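Working notes, structure below.
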Amino acid sequence: MIMHFLSRLEYNPHLEAAAFFFLAILYVYLRKKYYTQNFVNKTFRRLVFCQLVTILLDIAAAIGVSFPDYVPIWTNQILNTLYFASTGVLFYTLHLFIISFGLKKKTGTALLIFSKAVLTMFLFVLLINIPFGIVFSFNDGMYTRGPLNFLFIAIPGLFFVECWGTLFLIKKRVSRLTMFVLLTLLFMSVLGPTLQFTLFPKILLSNFFSLFSLILCLFALVSPDYAELTKRRAELFELQQHLEEKAARESEKIHRRDKKKEELFGQIIDALAETVDAGDSNRSKHSENVADISRQIAYKMLLLKTEVQKIYYTAILHDIGIIGVSEEITGKQGKLTSEEFEEIKKHSQIGERILSVITEMPDMAKIVRSHHERYDGSGYPDGLAGEDIPLGARIIAVADAYDAMVHERNYKEKMSLSDAKAELRRQAGKQFDPDVVVAALDILPDD
């Protein structure tokens, strides 16, 4: 009975049956032995799995086409369509396996996109073939080739060219032994369907070449070169994961520590500013207001976040030097004498000396020294002009003057917001940097 069954087959698939048996053992072995999820192992297992599916469909298609009296035509159509689709997926997986040996990510991604496009086109043609028979069909139980039957050779040919190009790109990354195994596997995989297309016109394709692929996979698996490669890649993969996790933990610690340091720094600066403003009834919230306006101007001028933060902290302490001036002068009611004003002017230099101890922000001391310089060069203490004045000082000068104008002092009435803005416009290019004034006018409120 078995001999009668075998005699009616269009061809005897015993090689495929044997290959399926050994590949199943190999696949189980791979799942047990090489369990790490690196790229080489995953693609190797995927390649063997695709071979298993393809061989199984090959055997089913061979049986179906050999017994048209018992197997409906639509069953043969579906079996052969699935078989041909699995063959295309097998070639795609083979390319993925070759890429896994070390192709650069950018190049590998581009090649895989091309492979996916070829595979998608191939599967689409197979889908269209079901109703129209443009690739193959079954008439009266006989297999017939269609006008697009050349795709049986064209598709493997495209993958062959792409895989060959990939091997050329990775030749310096793999040993000669590995290159020999991959080249042989590639040639056998393409030679198989080519011979079948030529020698077996009555069937779709036979996958006897899978047996050769099986032998090569086993050879690659047990070779010291591949075993060592797999081991090293697994170790590197696990080490990389460990280092990434450790780096993430350390980064989080540093971030929390820096955040606490920044919060403490800000609290100390706020406390110093409160100390300065508390000693003078004319200065209620003045430092905080100047800092807030300076920050808004800096953002408007598109400065970097770090620069904006530095200007904000400096603005809070811009008048810290006032604690070195006599309280009789700072608390005096009415207009100051020229001698008293000269004493007041020293606060910018005193502030520089106080802040010079903050080594992490060395520019703070320079900006505080220069925040009373004028754009036309008539300011103090150094008579700097234009862009020789630090940008932070030019910004704080505008914010300082505006806040002083719109708040009442013992010696003057407060201005309206519109009048203060008009004064900024008049002093642009004289007392103030014109660019800073433009930015300030955009962010300052109207009456």
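Its residue count N fixes a reference of 2.2 N^0.38 Å for segment 285-364, and the Cα radius of gyration divided by that reference is 1.27. Projected label points at Ser251 and Lys116, each 7 Å from Cα along the beta carbon direction, are separated by 2.6 nanometres.
Compare the peptides 87-100, 109-122, 157-170 by average per-residue count of other Cβ atoms within 10 angstrom and give them in order, highest first. Could the numbers behind the result be given before it?
Working: 87-100: 23.6, 109-122: 15.4, 157-170: 17.9.
Highest-to-lowest ranking by the protection proxy: 87-100, 157-170, 109-122.
For segment 356-443, the alpha-carbon radius of gyration amounts to 1.13 times the rule-of-thumb value 2.2 N^0.38 Å expected for a compact globular protein. Our estimate of slack between Asp446 and Glu328, defined as 0.36 nm per intervening residue step minus the Cα-Cα distance, is 38.9 nm. Can you flag which of Lys285/Lys430; Lys285/Lys366; Lys42/Lys116; Lys106/Lys253 are past 30 Å Cα-Cα? From Lys285/Lys430; Lys285/Lys366; Lys42/Lys116; Lys106/Lys253, over 30 Å: Lys106/Lys253. Computed extension length for Ser356-Phe187: 53.4 nm, one decimal, from 0.36 nm per residue of separation with the Cα-Cα distance subtracted. Exposure check, 1.4 Å probe, all protein chains in place: Glu360 carries approximately 150 Å² of accessible surface. FRET efficiency for the pair Arg173 and Tyr299, taken as 1/(1 + (r/R0)^6) with r the Cβ-Cβ distance and R0 = 60 Å, rounds to 0.75. Counted residue by residue at 0.36 nm each, then reduced by the alpha carbon distance between them, the extension gain from Asp292 to Lys345 reaches 16.7 nm.
Here the peptides 423-435, 40-52 are ranked by packing, the mean other Cβ count within 10 Å, and the order with the highest first is 40-52, 423-435.
The values are calculated or read from the model by the stated rules, or taken from the named source; none is laboratory data. Computed from a prediction, not measured in an experiment: that's the story for all the values here. Reconstructed Cβ throughout: ideal geometry from the backbone, glycine too, with neighbour counts over all protein chains shown. SASA here: full protein model, heavy atoms, side chains in, ligands and nucleic acids out. Shrake-Rupley method; radii C 1.70, N 1.55, O 1.52, S 1.80 Å.
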